[in-house]
Amino acid sequence: MVDDDIPSTVATSEEDLLRVEDLETRFFTEEGQVNAVDGVSFAVRESDVFGIVGESGSGKSVTALSLLDLVESPGRITGGHIWYRNADLAEEHRERTPEAVDGDFVDVLQLSEGQRRALRGPSFSMIFQDAMSAFNPSLTVGEQIAEAVEVQRRAEANPRSVRSKTQGYGLGSYLSGLVLPQRDFVNRQSKLEAIELLEKVGIPDPAERADEYPSQFSGGMLQRAMIAMALAGEPDVLVADEPTTALDVTIQAQILNLLKDLQAETDMSIVLITHNLGVVARMCDRVGVMYAGEIVERGTLEDVFDDPVHPYTQGLLGSVPDLDRPGDRLHPIKGNVPDLIDSHMDDRCYFADRCPKAMERCLDPPGERQVGGEHAARCVLVDGEYDESEALADGYFEGSTAGDAAASEGSTADAAAEEATSDD
Amino acid sequence: MSLAKFLVRRSLQGLFVIWGVVTAVFMLRFVTPGSPVDFVAPLDASPELRARIAAELGLDQPMYIQYLDYLWGLLQLDMGYSYISSTPAAARVFARLPATIELAVAATVVAIVFSIPLGVISATNRHEPADYAATGFSLVGISTPNFWLGIMLVLLVSVQLGWFPTGRRAIGFWPAVQLIWQEGTLAGIVVWLRYITLPAITLGTYFTALITRLTRSGMLDELGKEYVRAARAKGLPETLVRYKHALRNTLIPIITILGLQLGTLIGGAVITEAVFTWPGLGTLVIDAINSRDWPIIQGSLIVIGAGFVIVNTIVDGLYAYINPQVVYE
Amino acid sequence: MISDRLKRNLKKEFRNSLLAKVGVFLMLLVVLSATFAPLLAPHNPTQTNPEQAQLPPLGFESERETSEFVDGEVQTVSRSVEGSMEHPMGTDAVGRDMASRILYGARTSLLVGLIGSAVAAITGVTVGLTAGYYGGRIDDGLMRFADVMLAFPSLVLAVALVGLLGPLTVPIPDPFVTAGLADGMPETFVFPVTVTLVVALVNWVWFARIARGEALSLRQEEYVKAARSMGASDGRIILRHVLPNSFTPILVLATIQVAAIILLESALSFLGFSGTNLSWGFDIAQGRNYLATSWWIASIPGLAIVAAVIGINLIGDWLRDALDPGIEGESGGM
C-alpha cells in the first residue's frame, strides 16, 4: 500500500544469503487488524550480522518470528517474499514450483508448510530473549539440545523432499519410543553431541549439567545453553531476538563475545533484533531501523550511525547516553510508537506526529529513497532539506488521529514527563 | 528433602488419615438413631433376649472397649461377623472388592484413552468443528448424572439394539485371565468385556469429559508458551512439540486434580453398581445400610476410605516422580 | 465485594460469550419453573390416575397391552396410544403428569442445590478462614479433620449418612396455594432436610480449603497487618478485609457446587434415600422399571437434570472467565 509509487528495491549483491521483500505480517485481533510488519525489505549477506533496531512495539520481534514462520494465530504472514539462497533447495524445487525459484534463491514463503518446517534447524534457527521460558521446565537441558542435534542428524539422513509433515516422526513413533528406549527420538550419539555443544558455548562440567533441569541453571548459563541449542542444527541464518536483554551487563558482554566467536567459527549469518544501539554498534555490519512496522532506514553500520537521514534514526541515536560526554542530557523522542491497528493508521509518514521536521509532504506515505550505495531511507528529507515554510503547525496531530487517542490513555503522562525533562 | 524421605512422610500421613477414617466410621454407629439390636432381634423379643443379643454382639461393653476391640480386630483383618448372615464381614467385603476395582480401573482406562487425544485435538484445532464437538461433549459429560446415563445406555444399547447384556457381571477379570492359560480360550475375557463395557462407559464418561476439559485448557496454555515456540524453532517434529513438550507439562497438574477426583470415581462406582447390579462394594454397602448390618457397613466404608487414601498417596508419589520441579513441602 | 471493574468484566464476558447467555437462559428456566410450579403445572403432580397411566409424550405413540372385556371374556388387547396436549410429557406408571412432576422437581433440585451450597459455603468459609488466619495448631487440627472428610467419597458418605440418619423432611406451605391462586395443587412442598444438610456436610471441605488458602496469603498483606497494628479485632479483620478479598473464588466455587449438589441430590433420590417423591432422581428410579414399555418416564427427568446442571456449569464458566479467581480444575462432581 505504501510502496505503490516507488517500488522498493533491495540493493542486490552476490553475497546475499537472504533477501526479504515487502514482508507483511498482520494480526487479526478483536480490536482490529494490526499491521505488525508492513512491507519490510532488507538483505542479509553471508557471514554478516544484520541488526534490526527499534523501540518495543515497532514490529521487530514479529519480523524475527516471520523469518522462521513462527507467527501464531491470530497473526499471519500476509504478503511478501523471503528469498533464501540455497542451491540444493533451488534445484529441488525448480521443477515442481518454478515460481518459487529464482536462480539459486528460493522463496521460502511459497513453499508448503512442511517444507518450510524442514528448514528450521538446519537453515534457520533462533535464540530468544528469555532463556528460562524458552526451555521446557520439565525436560533436562541436555535432552532439549540433543533434540535439536537429532533434527539435524535426521535432516541429513533424509532428502528434504521426502520429509513429511511430521518429518517421519508421528504419534506412533513417539508412543513406541516411550516404551522402547531404542525407538526414542533422541539417540545416544545426539546426547553426546549435545554435551560437546555445551562445552563449546563455555559451560563447565557439561556432562553433569546436561542432566540438569533449566531451573538449576543461572540466567547466563541458560542463555549459553540456548545458543548451543540454536547452533545444533548448524544453521545458515541465526535469528537472535534480544539475546542479552534479560541479562546483567557483564554477562551481556560475555554472551555477545560468544556469539561473535561462534559466528567467526561457523560462518553463519546473524539477524540480531535489539533495542540496544550499543549492541548494534558492537555486533552488526549492516543495520535496519524499524518504526511502526516499517524499516525506515537501512544501510551499513557506518551509513546509519554516522550519517543518519531519517529524523527517527537521528532521534534514536540522540537518546543514547554518551559515556564520553556525561554532561549531555538524554534526548528521548517525544510521544509513543503508534498501536499499529490498521483503522487507526492514517495514510502518511507514521512518524510525522512525533517528527520535529514534519512537513506537509509528510502527509503522503513516503516510499523508500536511495541515499547512496546501500543506504536508503523512508523519508522525504532524502530529496531535500527541511523547509520551515512547509512545516506542519504545532499540535497538528493532536486529537485528530485515532491512533493517538488509543495510544494516549496510558502514555500521555509518560510522554508529558519526557517532554518536561527533554525541553530544557 | 529427598524423594524417598518425601514418600515415607507422605505414607505416614496416609496412615494417620486411615486411622481417622476408622475412628470416624466407628463413631458413626453411635450417632445413628436406633440400636443395632432393633434390627437383629425379633420384634417381640423380651428384654432378656435383647440383652443377650447385645452381649453376643459385644454392644454391652463401654464404647472405648468396643473401639479398642475393633481396632485390634482390624489389625488382624477381622471386621466382625455380619449381623444378617453371620459370615465374617472381612471375607464378604474383600470378595466384593475385585468387582469395584475392575469397574474403577476400566472406567479410568476409558477416560484416559478418549480424553487426552480429544483434549489435544480440541486444543490444536481451536475454533474448528472438532474443537466445538469436543467442548460440547465435555460440557454435557460433566453435567450428566451417571446413573441416568447408565439407564439410557441400557435403554438404547441393550433394550433397543440388544448389543450388550445387562445385569450383573458373569465372570471376574482374574478368573477370565486364568481361563486363557488353563483352557487356552479367550471366551472368558470376551464375556468379561461384554459385561463391563456399559458400566465402564457409564462411570468413565464424567472423567472423560473432565479430563478433556482440563487437557484442552492446559494444552492451550502450554502451546502459547515460549518453550513451544523454541521447540518449533529448532525444527522439532510437531508430534514431539505437542506430545513430548506441551502435553507433558499439561498432564503434570492434571494428575493432582485426578487424585482429588478419585473420591468422585469411587462414589460414581457405587451408584453405577446400583444401576447395573454390579456385585461390588457399592451394592454391598447400600444393602448393608438398608438392613443396618453394621460390621459390613463399617468394613466397606473403611476399605473404601483406606483405598482412597492409599491410591492418593501413590498418585502423590507418581507426581513427585514425573515432575522434577516438585517442591516437597 | 464485587468491584466495578469486575462488573464490567462480567458484562463484557457475557456479551462476548454465547455459552454464558445459554447458561443464564437455562438457569432462568429452572428458577422460573421452580418458583411458579403451582401456576405452570397442568395437573397436581402427586395425583395418580391409573386410567391415564403410561401415556407417551406429545408427538409420540406407544403400544400398550390392556385387559379388556371382549365378547364377555377377558382378553389381552394391544392398543396404540398417542400423546396429547393433556399430558405434554406423558404420564408415569401410575398416571401422574410428567410435565407437572418436572416443574415441581425443579423446586427440590434448586432448593437443595442453593441451600446446600450456601450451608456448605458458610461452614467451609468459617472453618477455612479461622484455620488460615490463626494458623498453627488450629490450622493443623482443622486441616487433618478435612483430610479425613476428603477420604470419603462424597457420595458414599452422603449415602451412609442419609441412609443411617433417616430422611427427615419438613412440609413447607405453598404460598400460591395458600393465597388461593393454584387450586388443586399440593398444599405443602416437602423439603428434604437431611439430604440438604448431608450434601452440605460432604461438600464444605472444598470451601474450607479455598478460604484457608486465601486467608493464609492475605494474612501476609500489608493492609491486614496495618489493620491489626491499629488494634482491630480478629473478627473485624476477617469480616472486613479477608472475607471480601476471598469473595470471588468462593463465589465461583459456590456456583459449581450448586451443580455438584444437584447431581448428588438426584443420586440420593435415585437410590431412594431422599424422603421426598417429587424429585427428578426419584422419577428416574421409578421409570427404570418401565424401560421396555415407557422410555419417557426415566428419560425426561434426566434431561431436566442435564439442562439444569449445564446451565449452572456455564454460569460457573462465565464467572470464572470474567472474574478469573484462579481456581484450578473443578471439584465435587458426583
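What to note about this one:
- Here the stretch A:123-138 is the region considered, the condition is being facing chain B (nearest Cβ under 7 Å) and surrounded by fewer than 23 Cβ atoms within 10 Å (Cβ to Cβ), and the residue that is farthest from A:VAL71 (Cα to Cα) is A:SER138.
- Just one of the numbered conditions (1) crowded, with 19+ Cβ neighbours inside 10 Å; (2) within 10 Å of chain C (Cβ to nearest Cβ) is not true of B:PHE173: (2).
- Taken over the stretch B:1-46, residues that are in contact with a helix residue (DSSP H, G or I) (Cβ under 7 Å, 6 or more places away or on another chain) and more than 30 Å from C:GLY166 (Cα to Cα) amount to 6.
- Considering the conditions (1) away from every other protein chain (no Cβ under 14 Å); (2) under 17 Å from B:LEU265 (Cβ atoms), B:LEU149 is excluded by exactly one of them, (1).
- Set side by side, the residues B:GLY136, B:GLY150 differ, and just one is touching a residue at least 12 places away in the same chain (Cβ under 8 Å) and either assigned to a helix (DSSP H, G or I) or under 24 Å from the mean Cα position of the chain (by Cα) (or both), which is B:GLY150.
- Matching option when the condition is within 14 Å of another protein chain (Cβ to nearest Cβ) and in contact with a His (Cβ under 8 Å, 6 or more places away or on another chain), among A:GLU193, A:GLU242: A:GLU242
- Residues satisfying the stated conditions in the stretch C:171-186, i.e. loosely packed, with under 13 Cβ neighbours inside 10 Å and either within 30 Å of B:PHE39 (Cβ to Cβ) or among the acidic types (Asp, Glu) (or both): C:PRO171, C:ASP183
- Boolean, B:SER82 is farther than 15 Å from B:ILE196 by Cα, surrounded by 19 or more Cβ atoms within 10 Å (Cβ to Cβ) and either among the charged types (D, E, K, R) or at pLDDT below 90 (or both): yes
- The number of residues in the stretch A:296-331 being at pLDDT 60 or above and either touching a helix residue (DSSP H, G or I) at 6+ places or on another chain (Cβ under 9 Å) or not in a loop (DSSP other than H, G, I, E, B) (or both) comes to 23.
- Verdict on B:PHE164 being outside any helix (DSSP H, G or I), in contact (Cβ under 8 Å) with a residue 24 or more places away in the chain and surrounded by 14 or more Cβ atoms within 10 Å (Cβ to Cβ): yes
- Here is the figure for the stretch A:235-254: residues that are buried (at least 24 other Cβ atoms within 10 Å of the Cβ) and of a type in the set (A, V, I, L, M) total 3.
- Extreme residue, nearest to B:THR212 (Cα to Cα), among residues of the stretch B:123-132 that are outside any helix (DSSP H, G or I) and without any contact (Cβ under 8 Å) to a residue 40 or more places away in the chain: B:ASN125
- Which listed residue is part of a helix (DSSP H, G or I) and either within 14 Å of chain A (Cβ to nearest Cβ) or surrounded by 19 or more Cβ atoms within 10 Å (Cβ to Cβ) (or both), from B:ARG216, B:ARG194: B:ARG216
- Of all residues in the stretch B:51-68, one or more are among the hydroxyl-bearing types (Ser, Thr, Tyr), loosely packed, with under 14 Cβ neighbours inside 10 Å and more than 14 Å from chain C (Cβ to nearest Cβ).
- Residues located in the stretch A:190-234, provided they are surrounded by fewer than 24 Cβ atoms within 10 Å (Cβ to Cβ), small (Gly, Ala, Ser) and closer than 16 Å to A:ILE251 by Cα: A:GLY202, A:SER218, A:GLY219, A:GLY220
- Among the candidates B:VAL285, B:VAL311, B:VAL315, B:VAL326, residue that is facing chain C (nearest Cβ under 8 Å) and either touching a Ser or Thr at 6+ places or on another chain (Cβ under 9 Å) or at pLDDT below 90 (or both): B:VAL285
- Residues located in the stretch A:236-254, provided they are over 23 Å from A:TYR291 (Cα atoms) and either aromatic (Phe, Trp, Tyr) or modelled with pLDDT of 90 or more (or both): A:ASP236, A:VAL237
- The stretch B:232-264, residues that are more than 7 Å from chain A (Cβ to nearest Cβ), buried (at least 23 other Cβ atoms within 10 Å of the Cβ) and among the small types (Gly, Ala, Ser): B:ALA246, B:GLY263
- Of the candidates B:VAL120, B:VAL113, the single residue that is part of a helix (DSSP H, G or I), loosely packed, with under 14 Cβ neighbours inside 10 Å and within 14 Å of another protein chain (Cβ to nearest Cβ) is B:VAL113.
- Wholly within the stretch A:211-294, helices (runs of 4 or more DSSP H) carrying at least 2 residues that are under 28 Å from B:HIS245 (Cβ atoms): A:219-231, A:249-266
- Of all residues in the stretch C:296-324 being among the β-branched types (Val, Ile, Thr) and under 30 Å from C:PRO244 (Cβ atoms), the one that is surrounded by the fewest Cβ atoms within 10 Å (Cβ to Cβ): C:ILE315
- Criterion applied to C:VAL195, C:VAL199, C:VAL190, C:VAL205 was being among the β-branched types (Val, Ile, Thr), in contact (Cβ under 8 Å) with a residue 60 or more places away in the chain, outside any helix (DSSP H, G or I) and in the same structural domain as C:ALA37 (by TED's automatic domain parsing), and the one residue passing it is C:VAL190.
- Cβ pairs under 9 Å, 6+ apart, first in the stretch C:127-143 and within 9 Å of C:ALA208 (Cα to Cα), second of a type in the set (Phe, Trp, Tyr) and modelled with pLDDT under 85: C:VAL127/C:PHE145
The values are calculated or read from the model by the stated rules, or taken from the named source; none is laboratory data. Owing to the predicted nature of the structure, the values given are computational and were not obtained by experimental measurement. Positions of Cβ are generated from backbone atoms using ideal geometry, with glycine treated the same way; all protein chains shown enter the neighbour counts.
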